[in-house]
Amino acid sequence: MTSATLASILYVEDDADIQTVAQIALEVVGGFSLKTCSSGAQAIAEVNAGFIPDLLLLDVMMPNMDGPTTLAELRKLPGTESTPVIFMTAKVQSSEMDFYKSLGAIGVIAKPFDPMELSTQVRGLWQEKA
């Protein structure tokens with residue numbers, strides 16, 4: 001773990017509506033500090049600019065650079081080489097879940113998600129791996 005307590009999250013989601021709902025769920029309901037990015041490239045730029053999160057929360061299906069590719073690029077950067085990651089996706093068949101876990105994901109949150117439960121889900125996955 002990068003730290004004993006989960007405080008800051010780098011959240012990458014290309015859909016503005018989902019991004020807004022998740023941001024409210026994680027910041028207001030969950031009390032997390034959130035850096036929201038609309039693309040993998042933006043996430044990489046934020047880390048290069050010095051933002052080192054406790055957790056990566058990545059959408060799987062995004063244009064240009066999908067979640068797994070974004071993760072691979074973030075793994076090359078100082079500070080996020082071993083940051084825990086959770087994927088968010090509508091693709092939750094067992095073979096897909098196995099693939100995400102093979103990439104090092106501590107968990108997968110299915111879309112659509114319940115905004116009132118999102119922070120609890122994130123915290124629960126974090127604590128399972130702590």
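For the chain, modelled as a Gaussian network with Cα springs under 10 Å, which listed residue fluctuates most, Pro115, Pro78, Pro68?
Comparing Pro115, Pro78, Pro68 in the GNM, the peak value goes to Pro78.
Carbon and sulfur: what percent of the chain's accessible surface (1.4 Å probe)? Numbers along the way, then the final one.
Values: 3270 of 6200 Å².
For the chain, the apolar C and S fraction of the accessible surface comes to 53 percent.
With the Cα gyration tensor of the range 56-130 giving a ≥ b ≥ c as the square roots of its eigenvalues, does the rule (a/c under 1.5 for rounded; else a/b larger than b/c for prolate; else oblate) give rounded, prolate or oblate?
oblate
Keeping all protein chains in the complex and leaving out DNA, RNA and ligands, what accessible area do you get for Lys76 with a 1.4 Å probe, in Å² to the nearest 10?
Around 140 Å² of this residue is reachable by solvent.
Could you please report the charge total around Ala43, scoring K, R as +1 and D, E as -1 over all other residues with beta-carbon less than 13 angstrom from its beta-carbon?
Spelling it out: positives minus negatives among the neighbours equals -3.
Would you mind calculating the relative contact order of the range 1-70 from Cα pairs under 8 angstrom and at least 6 residues apart, reporting the percent as a whole number?
Worked out over the range 1-70, it gives 42 percent.
Considering Cα pairs under 8 angstrom that are at least six residues apart, work out the relative contact order of the chain and quote it in whole percent.
26 percent
Under a 1.4 Å probe, what is the accessible area of the chain per residue, stated in Å²?
48 Å²
Let me see the P(r) profile for the chain: every Cα-Cα distance counted, bins of 5 Å, each bin given as a percent of all pairs.
Computed distribution, short to long bins: 2, 11, 24, 26, 23, 12, 2, 0.
Which of Val28, Val85, Val12 ends up with the largest GNM mean-square fluctuation for the chain, with Cα atoms connected below 10 Å?
Val28
On a straight-distance basis, which lysines could pair with Lys129 in a cross-link, Cα separation under 17 angstrom, same-chain partners fewer than 8 positions away excluded?
Lys101
Restricting to the chain, compute how many DSSP beta bridges are antiparallel as a %, nearest 5.
0 percent
Classify the range 7-60 as rounded, prolate or oblate, taking a ≥ b ≥ c as the square roots of the eigenvalues of its Cα gyration tensor: rounded when a/c is under 1.5, otherwise prolate if a/b is larger than b/c and oblate if not.
oblate
The values are calculated or read from the model by the stated rules, or taken from the named source; none is laboratory data. Source: prediction; values computed, not measured. Neighbour counts are summed over all protein chains in view; Cβ atoms, including those assigned to glycine, are modelled from backbone coordinates with ideal geometry. Accessible surface areas use protein heavy atoms only, side chains included; no ligands, DNA or RNA. Shrake-Rupley method; radii C 1.70, N 1.55, O 1.52, S 1.80 Å.
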